[in-house]
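The values are calculated or read from the model by the stated rules, or taken from the named source; none is laboratory data. Since the structure is predicted, the reported quantities are computational estimates derived from the model, not experimental observations. Methodologically, a virtual Cβ is constructed for each residue, glycine included, from the backbone with ideal geometry; neighbour enumeration extends over all protein chains shown. SASA here: full protein model, heavy atoms, side chains in, ligands and nucleic acids out. Shrake-Rupley method; radii C 1.70, N 1.55, O 1.52, S 1.80 Å.
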Amino acid sequence: GLWMLKKFAVIGLLVLALVVSPRHSWLEAHEGATEVHNKAVVQAFWNDVWKERRFDRIDELFAKEFVIHSAGKEVGPRSKFRAWVESFFENIEALELEVHDIFAEGDKVITRWTCRGRFVGQMFGVKGKGQPIAFTGVNIMTVRDGRIVESWVERDALGLARQVGAMN
């Protein structure tokens, strides 16, 4: 009698608590941990590759099939992307990249940044003369299984073209 009633009351309260409680489940906590990890992978890319110039880290942080979509073209897989990044440092002397914001949502990590340096290479059909340049951009990177698999970049190409003398 009374024992059975108490048992059903406890089970009922547990079910009610699960149904009406705010969504702070193990799954949500796990998803938050994944976002923190994904953000850390992308932060390692900005810090280790762009600030410390450790291009070998690309092999650790990026999937082999990685592709970047930037300025209307795709660069991939990872080996071609690494060469593409290295070419930035050949074209822009004293390159500095400043990360202003970084957010994670699911498998996406969004970064807003500014790149500065002196233009010494070839860009937009123009040869650099050491003039200072600065441009801003936003990256949306997809991280899966601890590696960056895709990136979409929007940058101020018009402003950059004007700074290097390719446009008036």
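Taking the criterion of being over 18 Å from GLY146 (Cβ atoms) and more than 16 Å from the chain's Cα centre (by Cα), the residues of the stretch 56-73 that qualify are ALA71, GLY72, LYS73.
A quick yes/no check of all residues on (1) open to solvent by less than 50 Å² (accessible area, probe 1.4 Å); (2) modelled with pLDDT of 95 or more; (3) over 29 Å from TRP113 (Cβ atoms):
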{"residue": "MET4", "(1), (2), (3)": "no, no, yes"}
{"residue": "ALA9", "(1), (2), (3)": "no, no, yes"}
{"residue": "LEU14", "(1), (2), (3)": "no, no, yes"}
{"residue": "VAL20", "(1), (2), (3)": "no, no, yes"}
{"residue": "TRP26", "(1), (2), (3)": "no, no, yes"}
{"residue": "ASP48", "(1), (2), (3)": "yes, yes, no"}
{"residue": "ARG54", "(1), (2), (3)": "no, yes, no"}
{"residue": "GLU60", "(1), (2), (3)": "no, yes, no"}
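Residue-wise test of (1) open to solvent by 70 Å² or more (accessible area, probe 1.4 Å); (2) of a type in the set (Phe, Trp, Tyr); (3) modelled with pLDDT of 95 or more.
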{"position": "ALA63", "(1), (2), (3)": "no, no, yes"}
{"position": "ILE68", "(1), (2), (3)": "no, no, yes"}
{"position": "PHE81", "(1), (2), (3)": "no, yes, yes"}
{"position": "SER87", "(1), (2), (3)": "no, no, no"}
{"position": "GLU90", "(1), (2), (3)": "yes, no, no"}
{"position": "GLU93", "(1), (2), (3)": "yes, no, no"}
{"position": "ASP101", "(1), (2), (3)": "no, no, yes"}
{"position": "LYS108", "(1), (2), (3)": "yes, no, yes"}
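Restricting attention to the stretch 62-90, the residues being touching a strand residue (DSSP E or B) at 6+ places or on another chain (Cβ under 6 Å) and in a helix (DSSP H, G or I) number 4.
Could you figure out which of (1) open to solvent by 40 Å² or more (accessible area, probe 1.4 Å); (2) hydroxyl-bearing (Ser, Thr, Tyr); (3) under 16 Å from GLU154 (Cα atoms) isn't true of THR114? THR114 satisfies all of (1) open to solvent by 40 Å² or more (accessible area, probe 1.4 Å); (2) hydroxyl-bearing (Ser, Thr, Tyr); (3) under 16 Å from GLU154 (Cα atoms) except (1). Within the stretch 77-104, residues that are in contact (Cβ under 8 Å) with a residue 24 or more places away in the chain and under 20 Å from PHE124 (Cβ atoms) sit with their Cβ atoms under 6 Å from residues that are aliphatic (A, V, I, L, M) and open to solvent by less than 50 Å² (accessible area, probe 1.4 Å), at 6+ positions apart or across chains, in these pairs: PHE89/LEU95; ASN91/MET123; GLU93/VAL120.
Taking the stated definitions as given, is ARG147 open to solvent by 20 Å² or more (accessible area, probe 1.4 Å), at pLDDT 95 or above and out of contact with any helix residue (DSSP H, G or I) (no Cβ under 9 Å at 6 or more places or on another chain)?
Details: open to solvent by 20 Å² or more (accessible area, probe 1.4 Å): yes; at pLDDT 95 or above: yes; out of contact with any helix residue (DSSP H, G or I) (no Cβ under 9 Å at 6 or more places or on another chain): no.
No; evaluated as a whole, the condition is false for this residue.
Quick check, is ALA157 touching a residue at least 40 places away in the same chain (Cβ under 8 Å), open to solvent by 20 Å² or more (accessible area, probe 1.4 Å) and touching a Lys or Arg at 6+ places or on another chain (Cβ under 9 Å)? For ALA157, the condition - touching a residue at least 40 places away in the same chain (Cβ under 8 Å), open to solvent by 20 Å² or more (accessible area, probe 1.4 Å) and touching a Lys or Arg at 6+ places or on another chain (Cβ under 9 Å) - is not met. Residue count for the stretch 133-144, restricted to those that are more than 18 Å from PHE89 (Cβ to Cβ) and open to solvent by less than 30 Å² (accessible area, probe 1.4 Å): 3. Taking residues in the stretch 115-132 that are closer than 8 Å to ILE92 by Cβ and in a strand (DSSP E or B), and partners anywhere that are open to solvent by 70 Å² or more (accessible area, probe 1.4 Å) and acidic (Asp, Glu), the pairs with Cβ atoms closer than 9 Å and at least 6 places apart or on different chains are CYS115/GLU96; CYS115/GLU98; GLY117/GLU93; GLY117/GLU96; ARG118/GLU93; PHE119/GLU93.
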